[in-house]
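To start, the structure itself, in structure tokens.
Taken together, the values in this text are just the output of simple stated rules run on the coordinates, not laboratory data. None of these values were measured; they are calculated from a predicted model. Here Cβ is always computed from backbone atoms with ideal geometry, including for glycine, and neighbour counts include all displayed protein chains.
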Amino acid sequence: PTRLADLIAAHPEATLGASAAPVGALPFLFKVLCAEKALSVQVHPSKAQAQAGFARDNAAGLTANAPNRNYRDDNHKPELVFALTPYQAMNGFRDFAAILALFQQVAAPSLAPLVSAFAAEQTPAGLACFFRALLTLQGHAKEEALAALHAAAMAHREEETFAAVLALFEQYPGDVGLFAPLLLHVVTLAPGQAMYLGAGTPHAYIRGAGLEIMANSDNVLRAGLTSKHMDVEELLSCTRCEPTPA
């Protein structure tokens with residue numbers, strides 16, 4: 001058997017075509033993605049951010065597979081997913097007012113000053129501060145906030161957003177990513193529908209089967225629902241903290 005990478009290297013123009021042959025690698029990845037458990041909340045960098053980040057990680061002497069490495073390559077990773085079954089996901093920030101309305105239903109004293117600060121500055125910068133504060137919650141404040149989130153989700157379990165929160169609690173108890181459905185659009189694609197995920201857009205796949213095509217990259221900056229490395233400051237530097245139209 002011949003590895004696809006070896007075949008491409010030996011015959012770049014025949015396998016890739018004249019326009020992609022100079023790249024020397026398949027310019028896209030294509031997969032059938034079957035999510036039984038939610039995948040991490042994540043953001044992908046732009047091409048320029050990926051090139052700069054990859055160079056920084058190399059200069060820092062991080063090995064290719066180091067668990068604390070943010071950039072595995074120098075490419076961006078725009079994605080498109082096409083649903084084969086009902087496909088639930090999160091994609092892009094909600095409107096500022098919608099985020100505040102959802103968080104105001106979570107009665108946690110540790111969250112109150114964060115929500116008030118965001119309410120006073122409903123801008124991309126205000127959302128970035130709010131997002132950072134949620135991702136860096138620790139100790140008692142984190143436990144209190146998550147307990148209040150669970151209570152709110154139980155009280156509103158008939159609503160799609162809070163039903164998603166409850167499902168995620170079963171999979172990732174104690175994870176700050178459990179706040180993600182209150183921040184991001186919860187979307188359920190019908191079979192045959194598709195959605196695009198550009199650079200800087202926070203997203204996560206919750207469940208379903210779909211076809212996914214993306215640029216050839218493994219660059220992922222995580223924002224919860226994971227046990228893997230999370231670099232909050234690097235994540236925020238690549239995140240567009242502005243509402244995305246549903």
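Observations on the model:
- Considering only L235, L100, L62, the mean-square fluctuation computed in a Gaussian network model of the chain, springs between alpha carbons under 10 angstrom, is largest for L62.
- Placing unit charges on the Cβ atoms only, positive for Lys and Arg and negative for Asp and Glu, gives the chain a dipole magnitude near 220 debye about its Cα centre.
- Fluctuation leader among M90, M230, M154 - the chain, Gaussian network, Cα springs under 10 angstrom: M154
- Residue pairs exceeding 26 angstrom between C-alpha atoms, taken from K77/K142; K77/K228; K37/K77: K77/K142.
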